[in-house]
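J.: Sharing a structure, written as structure tokens. Questions coming.
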Amino acid sequence: LALLAYAARPNAKPLTPELAAQVASFAVVELNTTSPFVPAALASHGSVLGPQPDATFFPANLLMCAAVSCTSCTSFDLSTLPADECFGTAVTTLSVAIVQPSNIGLQTSVVVGTPGCIQFLQVTTVNTCFNL
């Protein structure tokens, strides 16, 4: 399942060499694409689950990568993204990861979806690369 997003997001940043080195050490797994879902927040509010407001869980960055195994990635700071909003990016996405140095996990779900916010897959674990 390749994801192609539809609009530019201003807080996207290329990976720093330090972050790229960290991501290179992540386990790489296939994200289950056989059962995509619509998050409850989207069904009830027309939006997607976003980051939690508690600063304990940050820094945490969502990586959307143009190649498998989390290479050629663009980074999105989850603390700057509004909660419960579906947003588009200019990134064709073949793999994703959430980089969180504390490795404590997130309180809420982070999902990635197809253009137009039609189908979604949940990014289930931090510091793991998921091929889509």
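The values are calculated or read from the model by the stated rules, or taken from the named source; none is laboratory data. Please read these numbers as outputs of a predicted model, since none were measured by experiment. To get the accessible areas, we keep the full protein, side chains included, count just its heavy atoms, and leave off ligands, DNA and RNA. Shrake-Rupley method; radii C 1.70, N 1.55, O 1.52, S 1.80 Å.
Listed here are the residues, each with its yes/no results for (1) over 17 Å from residue 14 (Cα atoms); (2) open to solvent by 60 Å² or more (accessible area, probe 1.4 Å); (3) modelled with pLDDT under 80.
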| position | (1), (2), (3) |
| --- | --- |
| 49 | yes, no, yes |
| 63 | no, no, no |
| 102 | yes, yes, no |
| 117 | yes, no, yes |
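J.: For region 65-100, which positions are assigned to a loop (DSSP other than H, G, I, E, B), open to solvent by 70 Å² or more (accessible area, probe 1.4 Å) and at pLDDT 90 or above?
T.: 68
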